[in-house]
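Q: Got a structure for you, written out below as structure tokens; questions coming shortly.
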Amino acid sequence: QVQLAESGGGLVQAGGSLRLSCAASGRAISPYAMGWFRQAPGKEREFVACISWGGGTTYYADSVNGRFTITRDNAKNTVLLQMNSLKPEDAAVYYCALGRSGLASVSPSMYAAWGQGTQVTVSS
């Protein structure tokens with residue numbers, strides 16, 4: 001059974017950067033797409049970014065496109081989310097997810113396993 005552990009969250013000023021990491025254990029992530037989602041207080045979980053099994057396809061939410069970058073290192077069983085030019089509206093708990101297949105998807109239903117999340121706080 002795969003376990004996903006996010007890290008790298010914290011408090012940052014608006015305009016700053018953070019890099020989130022998702023380390024997987026118990027299963028190789030290489031055959032699967034990986035995704036990042038986030039949930040702010042009082043809001044539903046929303047898609048942020050995803051990447052296909054080989055890294056050749058990525059999708060981003062319109063709200064983060066051009067500011068966030070998702071990458072993966074299959075040898076290290078790790079997925080990263082580089083977040084630049086952070087805005088107060090980016091504040092949320094960020095979750096890493098393992099896809100049900102190798103195809104990148106924006107739908108939460110296409111992900112089979114989730115991490116516990118890491119808090120990102122952005123001060124204005």
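The values are calculated or read from the model by the stated rules, or taken from the named source; none is laboratory data. Bear in mind that the values here come from a model prediction, so they are computed numbers and not experimental data. Please note: Cβ atoms are built from the backbone with ideal geometry, for glycine as well, and neighbour counts cover all protein chains shown. Quick note on the areas: whole protein, heavy atoms, side chains included, nothing else; ligands and nucleic acids left out. Shrake-Rupley method; radii C 1.70, N 1.55, O 1.52, S 1.80 Å.
Q: Taking the alpha-carbon centroid of each part, what is the distance from segment 1-44 to segment 76-124 in angstrom?
A: Value for the Cα centre distance between the two parts: 4 Å.
Q: May I ask for the net charge around Q39, where only other residues with Cβ less than 14 Å from the Cβ of Q39 are counted and Lys, Arg are +1 while Asp, Glu are -1?
A: Net local charge, Q39 excluded: -2.
Q: Summing Lys, Arg as +1 and Asp, Glu as -1, what charge do residues with Cβ under 12 Å from the Cβ of S21 carry, S21 excluded?
A: Around S21, the surrounding residues sum to +1.
Q: Mind giving me the FRET efficiency for Q13 and S109? R0 is 22 Å, r the Cβ-Cβ distance, nearest 0.05 is fine.
A: Once the sixth-power term is evaluated, E becomes 0.05.
Q: Residues of segment 1-70: accessible area per residue at 1.4 Å, in Å²?
A: I get 53 Å² per residue for this part.
Q: Okay, moving on. Using a probe of 1.4 angstrom, how much of the accessible area of segment 1-61 is carbon and sulfur, in percent?
A: 46
Q: Could you calculate the contour length gain from Q82 to S123, that is, 0.36 nm times the residue separation minus the distance between their Cα atoms, to one decimal place in nm?
A: Here the answer is 13.0 nm.
Q: Please compute the modelled spin-label separation between E46 and A28, points set 7 Å along Cα→Cβ, answer in nm with one decimal.
A: Modelled inter-label distance: 3.7 nm.
Q: Given bins 5 angstrom wide, list per bin the percent of all Cα-Cα distances in the chain, short to long.
A: Taking every Cα pair in the chain, the percentages come to 2, 13, 24, 27, 19, 10, 4, 1, 0.
Q: Further question: Using a 4.7 Å Cβ cut-off, which Cys residues in the chain lack a partner cysteine?
A: So, C50.
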